[in-house]
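One structure below.
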Amino acid sequence: MYKVDHFINGKSSSESNKTSKIYNPSYGTEIGEVLCATNEIADKAVESAYEASKAWSKTGLIYRSELILKFRQNVINRSKEIIDLGISEAGKTRPDAEAELDRAVQALTHIAGVQHFYPSHYSQNVAGGIDIADLRFPIGVIVGVGPFNFPILIPLLHSAMALVTGNTYIGKPSEKVPSVSRLYADIWKESGLPDGCYNVVNGDKETVEFLVRHEKVDGLAFIGSTAAAKSLKMLGVEHNTKVQALGGAKNHMIVLPDADLDMSADAAVSASFGAAGQRCMAVSVVVAVGDIADELLDKIKERMPNLVMGVTDDDKTQLGPVISPENKDRIYSFIDSAEPDGATLVVDGRIRSNSLEGCFVGPTLIDNVKPGMAVYENEIFGPVLSFVRAKTYDEAMKITNSNNFGNGAALFTRDGGVAKKWSDEIQAGSVGINVPIPLPTYAHSFGGWKDSAFSETKGFGPSAIEFYTKTKSLSTRWPDPADSKVDLGFPRNDN
Ligand code: NAD
């Protein structure tokens with residue numbers, strides 16, 4: 001049993017009057033506890049970040065980039081510890097935790113190259129000897145709040161983007177998986193980051209809301225469920241805190257009649273059941289177009305018994321647990337609702353998971369799913385694949401684009417013309433043609449449409465810089481004082 005504390009102004013802090021339990025989802029057993037911050041502790045973290053920002057915001061871009069590279073190397077040096085925490089706290093399989101760390105290290109490589117996406121506009125001689133430059137500044141103190149499913153990548157992405165752009169940072173990780181964020185505090189310190197620039201405050205909803213309301217907090221980078229994303233965006237508007245809030249998903253994979261069905265079935269199974277369906281880019285709905293539906297359904301079904309389900313400290317495991325007993329119960333209740341709602345339970349995963357001790361849900365396949373059903377309208381966030389039948393491409397698109405979520409989508413086809421039309425028409429933020437999980441690399445934009453994001457900027461890619469910085473325009477003129485005169489007219493730009 002271990003205890004995860006806070007990290008404020010370069011030091012551990014154990015002040016707390018409340019704790020939350022940490023479980024290993026593979027066994028359903030308690031392995032530790034995390035201290036929850038009182039408002040006084042959260043306030044100390046804000047004061048520490050606020051004071052540190054006075055000097056940090058004045059450091060040079062290259063200096064900050066070099067520090068990201070030092071941190072990157074130290075993260076690589078601590079890989080084993082980080083991966084083991086992903087396995088024990090988040091219930092990740094080893095390959096999944098390793099892949100998450102790889103992605104996190106790639107994010108740091110990109111972020112260290114901030115000079116390439118930091119420049120702003122400069123216009124020379126726009127009128128009468130006037131030059132105008134947009135000057136870029138850090139926004140101040142940024143709070144980063146993450147979900148349970150990417151404890152390695154998301155806190156690192158938020159904190160490194162905040163720090164490289166000259167902001168200071170307070171992380172509030174998911175209370176289910178707090179240890180990696182806390183470990184990053186030690187790694188930042190060891191890399192030479194000044195005290196107060198990276199803080200960790202543990203807690204829940206109340207802590208997040210306290211931070212967003214705080215007058216010395218300038219930004220919130222949030223990733224989590226849609227309900228929380230939406231309410232935090234609204235709270236941010238009320239308190240003039242800049243909020244980038246990415247939410248939940250229900251990603252559709254449309255399979256056209258000309259697609260290779262074995263390849264499509266492999267992709268559907270991998271993208272639906274990988275990470276036990278707990279990825280924001282997981283496929284949760286397959287839409288089969290035309291008369292391929294029966295054959296595609298059979299091919300998906302025949303692959304499912306081969307998935308090796310089990311505890312994630314066993315390296316043979318492909319399909320691990322879901323995060324908690326509560327999530328398991330919620331997923332079971334969606335499976336319960338399928339047949340009364342008129343769908344067909346083709347593979348009931350509960351038969352495989354009922355006898356297991358940990359938080360397991362066996363891979364589940366539901367056919368004849370239609371809009372309006374509970375399994376269709378809600379994000380289930382578990383290994384449950386809905387199978388929708390559509391007669392035509394137009395019908396498949398109508399269904400897909402009517403769904404409230406728009407995080408990701410995929411199309412499987414061999415027809416380039418239809419694929420081009422689809423990429424123009426599909427209403428989602430990250431989409432893939434014959435790519436089932438189209439999570440882009442960091443130089444490209446990532447962030448959902450519709451109810452999958454409440455944000456004017458993207459989580460990464462070129463527009464992310466607009467969230468982490470603010471600009472002011474500077475107009476400059478060097479006139480001859482001899483030409484000076486009083487002129488009450490509105491400035492004109494015609495000379
Ligand atoms: P969650 O919303 O329950 O919690 C996320 C974080 O917000 C946690 O740190 C939690 O303590 C805090 N929180 C929860 N409710 C809150 C509220 N009402 N107000 C303020 N803070 C709150 O999400 P989760 O269950 O940890 O993660 C799964 C969700 O995250 C899924 O919906 C998934 O799709 C989404 N997700 C989205 C992306 C993306 O890029 N769009 C990436 C990963 C996960």
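Structural remarks
- Given (1) of a type in the set (V, I, T); (2) under 21 Å from T93 (Cβ atoms); (3) not in a loop (DSSP other than H, G, I, E, B), number of the condition I351 does not satisfy: (2)
- Within the stretch 391-424, tally of residues that are in contact with a Gly (Cβ under 9 Å, 6 or more places away or on another chain) and assigned to a loop (DSSP other than H, G, I, E, B): 3
- Residue match in the stretch 115-122 (condition: in contact with a strand residue (DSSP E or B) (Cβ under 7 Å, 6 or more places away or on another chain), hydrophobic (A, V, I, L, M, F, W, C) and more than 10 Å from the ligand (Cβ to nearest atom)): no
- Pairing each residue of the stretch 53-71 that is within 14 Å of G196 (Cβ to Cβ) with any residue that is of a type in the set (V, I, T) and open to solvent by less than 40 Å² (accessible area, probe 1.4 Å), provided the two are 6+ apart or on different chains, yields C-beta distances under 7 Å for S53/V141; S53/T168; W56/T168.
- Qualifying residue in the stretch 287-300 (condition: closer than 30 Å to A227 by Cα and out of contact with any Asp or Glu (no Cβ under 6 Å at 6 or more places or on another chain)): yes
- Filter result (within 16 Å of the ligand (Cβ to nearest atom), surrounded by fewer than 24 Cβ atoms within 10 Å (Cβ to Cβ) and either within 19 Å of the chain's Cα centre (by Cα) or of a type in the set (A, V, I, L, M) (or both)) within the stretch 180-208: R182, D204, K205, V208
- Subset tally (residues that are more than 13 Å from the ligand (Cβ to nearest atom) and assigned to a loop (DSSP other than H, G, I, E, B)) for the stretch 458-488: 11
- Selected residue [of a type in the set (V, I, T) and in contact with a Lys or Arg (Cβ under 6 Å, 6 or more places away or on another chain)] from V75, V46: V46
One line per residue, one yes/no per condition, for (1) open to solvent by 20 Å² or more (accessible area, probe 1.4 Å); (2) under 27 Å from S473 (Cα atoms); (3) among the basic types (K, R):
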position: L135; (1), (2), (3): yes, yes, no
position: G140; (1), (2), (3): no, yes, no
position: V145; (1), (2), (3): no, no, no
position: N149; (1), (2), (3): no, no, no
position: I154; (1), (2), (3): no, no, no
position: A162; (1), (2), (3): no, yes, no
position: T165; (1), (2), (3): no, yes, no
position: Y169; (1), (2), (3): no, yes, no
position: K172; (1), (2), (3): no, no, yes
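- Enumeration of residues in the stretch 375-416 that are open to solvent by less than 10 Å² (accessible area, probe 1.4 Å) and among the small types (G, A, S): G382, S386, A390, A396, G406, G408, A409, A410
- Yes/no for P371 being loosely packed, with under 14 Cβ neighbours inside 10 Å, over 26 Å from G224 (Cβ atoms) and modelled with pLDDT of 95 or more: no
- Residue ranges of strands (runs of 3 or more DSSP E) in the stretch 221-338 with at least 2 members within 10 Å of the ligand (Cβ to nearest atom), surrounded by 21 or more Cβ atoms within 10 Å (Cβ to Cβ) and in contact (Cβ under 8 Å) with a residue 60 or more places away in the chain: 242-246
- Unique match (being among the polar types (S, T, N, Q) and either within 30 Å of V308 (Cβ to Cβ) or in contact with a helix residue (DSSP H, G or I) (Cβ under 6 Å, 6 or more places away or on another chain) (or both)) among S88, S48, S53: S88
- Checking T441 against (1) away from the ligand (no atom under 16 Å from the Cβ); (2) closer than 21 Å to S159 by Cα, the condition it does not meet: (1)
- Within the stretch 1-80, strands (runs of 3 or more DSSP E) holding 1 or more residues that are open to solvent by 70 Å² or more (accessible area, probe 1.4 Å) and over 30 Å from N327 (Cα atoms): 11-13
The values are calculated or read from the model by the stated rules, or taken from the named source; none is laboratory data. It should be emphasised that the depicted structure is a prediction, and the values quoted were computed from it without experimental measurement. We place every Cβ from the backbone using ideal geometry, glycine too, and count neighbours over all the protein chains shown. Keep in mind that these areas ignore ligands, DNA and RNA; they rest on the heavy atoms of the full protein, side chains included. Shrake-Rupley method; radii C 1.70, N 1.55, O 1.52, S 1.80 Å.
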